[in-house]
Structures are given as structure tokens and as C-alpha cells.
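Below: one structure, written as C-alpha cells.
The values are calculated or read from the model by the stated rules, or taken from the named source; none is laboratory data. Not measured: the values here are computed from a predicted model. Here Cβ is always computed from backbone atoms with ideal geometry, including for glycine, and neighbour counts include all displayed protein chains. With ligands, DNA and RNA removed, areas are computed over all heavy atoms of the protein, side chains included. Shrake-Rupley method; radii C 1.70, N 1.55, O 1.52, S 1.80 Å.
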Amino acid sequence: MAGQDRVLSAARLVLRGFLYVNIAAAVMFAVAILVSFPLDGALTAQLTRKYGPAMDVGAIIWGLRLLAVAGIVSGVTLHQIFKALLAIVATVRAGDPFTAASAKRLHTIAWAMLVIQLLDLGLGGFTAWAMARHLEMPSWTPTFSGWIVVLMLFVLARVFQRGAEMRDDLAMTV
């Protein structure tokens, strides 16, 4: 049991760290969007120098702002995941993980991971748009593993829900 306690303590510590870093990143995305408006002229000048006057620099700037909005949406989604995982870790530490609340949390995490996967597809679309304009952009490759995780989480949520129902049924018969 001591090994499990150390693992749960480490998980709680890591999740809290992720939670704070995620909040900081979302705030930085918001600041970047806000700062991009007063610095629009400087951004336009810099991008025009880099890509030439024929490039639609305004579209690039709006594309970058949209990418930052996606970063904020991702941050809000990750926040939900981290909070739900922290609550699940707390139920495991308390010795009662197979509850309807844990099943609901896993279901929330599954939906949040689906949002993350859809945002990733959006990033792929943005990357294709940027590459078509010959902008310097890291390449993007779709991931199959994320979709497996989404499916697995929906199944696990159902397993937890059914386990909680069975436990409640057993408690009523005893």
C-alpha cells in the first residue's frame, strides 16, 4: 500500500504542477492576443520584411490570433481534465474510487480528450493553410493514439459507472 500512496502522492503533485503551468500558458495566450492588436503595425512590418509585400500579412496575423484562441480553448479543456483527475486521485486515496462521481469524472475527461483531438485536427488544417502559403511552420502529423485514448476513456467511464451500480446493488442486498 505504501507504494501506491507514493504513486498517488506523486500523481497529485504532478497534476497540480500541470494545472498551474496550464493556467499560466492560457494567460500568456490571452496576453499575446491582446498585445497583438496594439502591435499590429510592427507585426505587419516584420512579416512583410520576412515574406515580402505579396503575402497577405493581415491573414497571417489573424491566423496566429486564431491559433492562440485555440490554445486558450485547449487550456480550458486541459484544466477540466486536471481537476477531474485530481478528484479521482482523491477518491482513490480515500479508498473509494468506484463511485458514480468517478464515472462522471471519467466521462468528462473522455469528452475533454475528444475536444483536444478535434483541436489537433484544427491545428492540422492551420498547418496545411500555412504551408500552402510557404510560411515557416512545424509539420503536423495526425495521431492515432489520441483517438484510442478517447475511446478507452469512454469505455472506462462506463466500466466505473457499472461498477458503482453493482456496488450499490450489493450494498442494498447486505
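Computed over region 59-172, the quotient of the alpha carbon radius of gyration and 2.2 N^0.38 Å is 1.40. The calculated FRET efficiency for Val159 paired with His79, based on their beta-carbon distance and R0 = 30 Å, is about 0.75. Taking the Cα atoms only, what angle lies between the long axis of helix 145-173 and the longest principal axis of the chain, rounded to 10 degrees? Value to nearest ten degrees: 20.
Would you mind counting up the charge near Arg93? Only other residues with Cβ under 11 Å from its Cβ, with Lys and Arg at +1 and Asp and Glu at -1. Taking every Cβ under 11 Å from that of Arg93, the sum is -1.
Helix 40-51 and the longest principal axis of the C-alpha atoms of the chain enclose an angle of approximately 70°.
For region 86-97, 3J(HN,Hα) computed residue by residue from phi via the Karplus equation (6.51, -1.76, 1.60; θ = phi - 60°) reads 4, 5, 5, 4, 5, 5, 5, 4, 7, x, 9, x Hz, glycine and proline entered as x. Once both labels are positioned 7 Å from their Cα atoms along Cα-to-Cβ, the gap between Lys50 and Trp129 label points is 1.7 nm.
Please calculate how many Å² of accessible area region 1-129 carries per residue, with a 1.4 Å probe and no DNA, RNA or ligand atoms counted. Here the residues of region 1-129 average 59 Å² of exposed surface. Give the shape of region 28-101 as rounded, prolate or oblate, defined through the alpha-carbon gyration tensor: a ≥ b ≥ c are the square roots of its eigenvalues, a/c under 1.5 means rounded, and otherwise the shape is prolate if a/b is larger than b/c and oblate if not. Prolate, since a/c reaches 1.5 and a/b exceeds b/c. If the chain linking Ala25 and Gln117 were pulled fully straight, counting 0.36 nm for each residue of separation and taking away their Cα-Cα distance, it would gain 31.2 nm.
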